[in-house]
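The values are calculated or read from the model by the stated rules, or taken from the named source; none is laboratory data. All values reported here derive from a predicted model rather than from experimental measurement. Cβ placement follows ideal geometry from the backbone for every residue including glycine, while neighbour counts extend to all protein chains displayed. We work out accessible area using only protein heavy atoms, side chains counted, and drop any ligands, DNA or RNA first. Shrake-Rupley method; radii C 1.70, N 1.55, O 1.52, S 1.80 Å.
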Amino acid sequence: MSTPSNSEVLTLRNDKKERIQRTRRINQKTALAFWSFVAPLILGLIVFFYIPIIWAVVLSFADARATITPTHFVGLQNYIEMLNDRTFTGTLGTFTVFAIFIVPTTFIFSLGLALLVNSVKFGQGFFRSVFFLPTACSYVLASVVWRASLFQGTFYGIANRILYLFHIDPIAWTSSPTPPWFWLVLVTVRLWLQVGVYMIIFIAGLQDIPRELYEAAYVDGARRGWQTFSAITFPLLRNASISVLLLNVIAAFQAFDEFFNILFGGNANLARTPLIYLYQVALNNQDYGLGSAGAIILTIIIVIFTLIQGKFLGFGTRD
């Protein structure tokens, strides 16, 4: 076996150096492309998400009135004051009533629409788009339409015009405490806005169910409809159902736009959610320390409630 000459060794070394340099240039270009896309997102998260959260935690332990700079720290005084505030605890009761209305109705309507759309043989994409389209609408815009057009408290509101056909007097939908018709307005606007999202979740769950299970059930004598739904479809939609319930409850905790825009003014006292009360404390009363403490308390309640609900329902466990 012949020994390579010095020139051949030098050529091999140069080739190796060129390959290494070429690999480094490719890696540098890849890293530059990666960070050029990711860096703005990370910067946005830090500036608009993490820093406000950290600063809210700092303000919650301080006296910050009419300023977002803490004047002096007061420890847990803001938390104690907020927990002893009957108005704040009363808003949790408003959330409970709203959740009782909106969670089961959204679950039933979204599941029903998912079953109907999934059973369509032709134009399934069209119907998915039609029912999902309202989710792109602004909550503020939808709330204004519901208040000023559909459920306007005068004769010219669409709902009252329909009642007039049956010789029923106009109803003040958003200002009547007894009976509380405003709940119908609040629930229907939220239902229209969000049912499409949860329908898509259920459709994804339905399409993940193997068709062979239904064929085997039909061979064994099972009937189409309620029998196969209760024995096959609904049990295999467990994770999708739990996801819908969890997301729906969290969304109910965060209700703000429809309450604020439909019950604005004096009617806001009819139903006030936790976020609306914290908005009034922090921005109207300029007590950022107390408002931040309430926001932290609400966040802890949502996290604990979500963990307990997920654990109780068995989210993530295998079938």
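Some points to look at:
- Just one of the listed residues (I100, I108) is under 20 Å from D257 (Cα atoms) and either under 19 Å from the mean Cα position of the chain (by Cα) or open to solvent by 70 Å² or more (accessible area, probe 1.4 Å) (or both), namely I100.
- Residue that is farthest from L115 (Cα to Cα) [pool: residues in the range 212-247 that are surrounded by 17 or more Cβ atoms within 10 Å (Cβ to Cβ) and among the β-branched types (V, I, T)]: I242
- Test for L32: is it farther than 27 Å from F259 by Cα, modelled with pLDDT of 90 or more and assigned to a helix (DSSP H, G or I): no
- The helices (runs of 4 or more DSSP H) located wholly in the range 214-279 that include 1 or more residues which are in contact with a Pro (Cβ under 8 Å, 6 or more places away or on another chain) and within 30 Å of L290 (Cβ to Cβ) occupy 238-253.
- Meets criteria (within 22 Å of Y279 (Cβ to Cβ) and either within 22 Å of the chain's Cα centre (by Cα) or without any contact (Cβ under 8 Å) to a residue 60 or more places away in the chain (or both)) for T91: yes
- Listed by first and then second residue, the pairs linking a residue in the range 129-145 that is surrounded by fewer than 17 Cβ atoms within 10 Å (Cβ to Cβ) to a residue that is part of a helix (DSSP H, G or I) and acidic (D, E), with Cβ atoms under 6 Å apart and 6 or more places separating them unless they lie on different chains, are V140/D257.
- Failed item, numbered, when V189 is tested on (1) touching a residue at least 60 places away in the same chain (Cβ under 8 Å); (2) β-branched (V, I, T); (3) farther than 27 Å from P104 by Cα: (3)
- Inside the range 59-83, residues that are under 17 Å from L298 (Cβ atoms), in a helix (DSSP H, G or I) and open to solvent by 40 Å² or more (accessible area, probe 1.4 Å) make up a count of 3.
- Scope the range 151-168; condition open to solvent by less than 50 Å² (accessible area, probe 1.4 Å), without any contact (Cβ under 8 Å) to a residue 24 or more places away in the chain and not polar (S, T, N, Q); matching residues: G153, G157, A159, L163
- Residue among I200, I209, I171 that is surrounded by 14 or more Cβ atoms within 10 Å (Cβ to Cβ) and part of a helix (DSSP H, G or I): I200
- For the range 259-298, the set of residues classified as charged (D, E, K, R) and touching a strand residue (DSSP E or B) at 6+ places or on another chain (Cβ under 8 Å) consists of D287 only.
- Considering the conditions (1) in contact with a strand residue (DSSP E or B) (Cβ under 9 Å, 6 or more places away or on another chain); (2) charged (D, E, K, R); (3) open to solvent by 100 Å² or more (accessible area, probe 1.4 Å), K16 is excluded by exactly one of them, (1).
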